[in-house]
1. For segment 26-52, enumerate the residues that are modelled with pLDDT of 95 or more and surrounded by fewer than 18 Cβ atoms within 10 Å (Cβ to Cβ).
2. May I ask you to list the residues in segment 12-46 that are touching a helix residue (DSSP H, G or I) at 6+ places or on another chain (Cβ under 9 Å), touching a residue at least 40 places away in the same chain (Cβ under 8 Å) and in a strand (DSSP E or B)?
3. Residues that are assigned to a loop (DSSP other than H, G, I, E, B), at pLDDT below 70 and more than 14 Å from the chain's Cα centre (by Cα): does segment 135-158 have at least one?
4. Any idea which of 72, 85, 81 is modelled with pLDDT under 75, assigned to a loop (DSSP other than H, G, I, E, B) and farther than 23 Å from residue 115 by Cα?
5. With the checklist (1) closer than 25 Å to residue 102 by Cβ; (2) at pLDDT 90 or above; (3) surrounded by fewer than 19 Cβ atoms within 10 Å (Cβ to Cβ) in hand, flag the one item residue 56 doesn't pass.
């Protein structure tokens, strides 16, 4: 829970669940869009760095899962920021959980649930929607590797001819 104005706010458990739709793979770089029910619309990304940065911003805005430490920054204003940002407004749901069933990426679709932000990285689960396979990850790098592996496996599989 995070506080605002003396009032306790409850963060819904599914607030950290993100649907990642990979639509393009250009020069080994992912592109597409990601969804979260507590975001007003899809967020486009053209690189893994953009994807992870957007997701980290979401978690910071939610103040959940809380980070174990503050990231270092070259910017002066970032260095002076509180360790945990206080959320200024209540969490508002914009989309239903149906997006996790309805939306699909052209290349691949992943459902990522970040459970912890410890040791300067993320821990949680990732589900490859097309295969309905779930794996645990212990770091953001491991998450990226799992996603990359599934994309390369998908490209290695020859397309089946229509009868």
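The values are calculated or read from the model by the stated rules, or taken from the named source; none is laboratory data. Only a predicted model underlies this, so the values are computations on that prediction, with no experimental measurement involved. Virtual Cβ from ideal backbone geometry, glycine too; neighbours counted across all protein chains shown.
1. Within segment 26-52, 33, 41, 42, 44, 46, 47, 48, 49, 50, 52 meet the criteria.
2. Those that are touching a helix residue (DSSP H, G or I) at 6+ places or on another chain (Cβ under 9 Å), touching a residue at least 40 places away in the same chain (Cβ under 8 Å) and in a strand (DSSP E or B): 17, 18, 19, 20, 22, 25, 30, 32, 35.
3. Yes - at least one qualifying residue is present in segment 135-158.
4. 81 is the lone residue from the list that is modelled with pLDDT under 75, assigned to a loop (DSSP other than H, G, I, E, B) and farther than 23 Å from residue 115 by Cα.
5. Among (1) closer than 25 Å to residue 102 by Cβ; (2) at pLDDT 90 or above; (3) surrounded by fewer than 19 Cβ atoms within 10 Å (Cβ to Cβ), the lone unmet condition for residue 56 is (1).
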